[in-house]
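These notes are about the structure you will find just below.
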Amino acid sequence: MSFVRFENVGKIYKSGDVEVRALHGVTFEIEKGEVCVVVGQSGAGKTTLLNILGGMDVLTEGNVILDGRDISSLSTKQMATYRRLDIGFVFQFYNLIPNLTALENVEIASQLSKNPLNSEKVIAAVGLKDRMNNFPAQLSGGEQQRVAIARALAKNPKLLLCDEPTGALDYETGKSILKLLQEACKKSGMTVVIITHNSALTAMADRVVKIKNGTVASVKLNDNVVSVEEIEW
Ligand SMILES: Nc1ncnc2c1ncn2[C@@H]1O[C@H](COP(=O)(O)OP(=O)(O)OP(=O)(O)O)[C@@H](O)[C@H]1O
C-alpha cells in the first residue's frame, strides 16, 4: 500500500449560507521517499489539500491514509499528536520565534518529537553551523527558511509538507532552498510534498499532482528527475 493515499477526498467550506467546494473527488497516492510536487493555479485547492494532509483542517468527504493509518477518522486530540509527531511543516513565511536563536528554534521543535535528530547536526546540514546562535532578525530570508527547514527535519517526521517554500525568496535563494529540500529527501529517505503555483518546479519531482478547480487534473511520475540547478523559470 502507498505511503500516502487520498481517496475521493472532498472539502466544503461553509460560512453562513455560503458554501465553497474547495476539493472534490481527489484521489492520488505518494510512495515513501518521493518528492511530490502539487501544482495548480491560485485558488485551485492546494493549501486545502496540504492542510488536510497535515491535520490542520478536516475533510468533509473521503479518506486520507498515511503509513497505513486513516487520519481522517482521528479525534481532535489524536490529530494534535499526529501534527506534533508525524508532520514537519515549512511555510512561505518562516514563522520562527523571534526571541529564540536559530538553534533554539530547532531545539524547541525537536523537544516535541519522540525520536528527534540532533539539532546542531541538522543546523549544520542546512549550512548554518556558523549562524546557529543568531536570532532570526539577524538572518537573511533564505537563512531563516533554512532554519525553518532544519526545525521541520529535526523532528524526524514521517512527512515534510512545504507550502510555497520559496514564495518570499529571490530566484537564486529560492533555488538553493529547493535544492536543500531535494537533497534532504534523497539523503534521509524522507517523503516531501511541495505545493506551488510554479510549474517549472515539476521537473525536480518524482511525482507531480496537478490540481485544477479543486480536483486532480493529472498525476504523473517523472522518469527524468532534474536536479534543481538545472531548472530555470
Ligand atoms: N477557510 C476558508 N473558508 C472559505 N473558503 C476557503 C477557505 N480556505 C480556502 N477557501 C477557498 O477554497 C478554494 C481553494 O483555496 P486554497 O487556498 O486551497 O487554494 P490554493 O490553490 O492554495 O490557492 P493559493 O495558491 O492562492 O494559495 C478557494 O476558492 C478559496 O477561496
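Modelled this way, with points 7 Å down the Cα-to-C-beta line, the labels at residue 20 and residue 226 are 3.3 nm from one another. Bridgeable lysines around residue 179 (alpha carbons under 22 Å apart, same-chain partners fewer than 8 residues away excluded): 32, 46, 121, 129, 155, 158, 187, 210, 220.
In this simple spin-label model, placing a label point 7 Å from the Cα along the Cα-to-Cβ direction at both residue 67 and residue 134 gives a separation of 3.3 nm.
Mean-square fluctuations from a GNM of the chain, with a 10 angstrom spring cutoff on Cα atoms, peak among 218, 15, 119 at 15. Contact order, relative form, for the range 4-230: 29 percent (alpha carbon pairs under 8 Å, 6 or more residues apart, mean separation divided by residue count). Residues of the range 14-50 with the amide nitrogen closer than 16 Å to a label point 7 Å from the Cα of residue 213, along Cα-to-Cβ, please. Within reach of a label on residue 213: 20-26, 40-46. Counting charges near residue 40 (Lys, Arg +1; Asp, Glu -1) among other residues having Cβ under 9 Å from its Cβ returns a value of +3. Each Lys or Arg adds one and each Asp or Glu subtracts one; over the other residues with Cβ under 9 Å from the Cβ of residue 139, this totals +1. Take the Cα of residue 85, step 7 Å toward its Cβ, do the same at residue 12, and the gap between the two points is 3.4 nm.
Taken together, the values in this text are just the output of simple stated rules run on the coordinates, not laboratory data. Remember, predicted model here, so these are calculated numbers, not experimental data. Note that we place each Cβ from the backbone using ideal geometry, even for glycine, and neighbour counts take in every protein chain shown.
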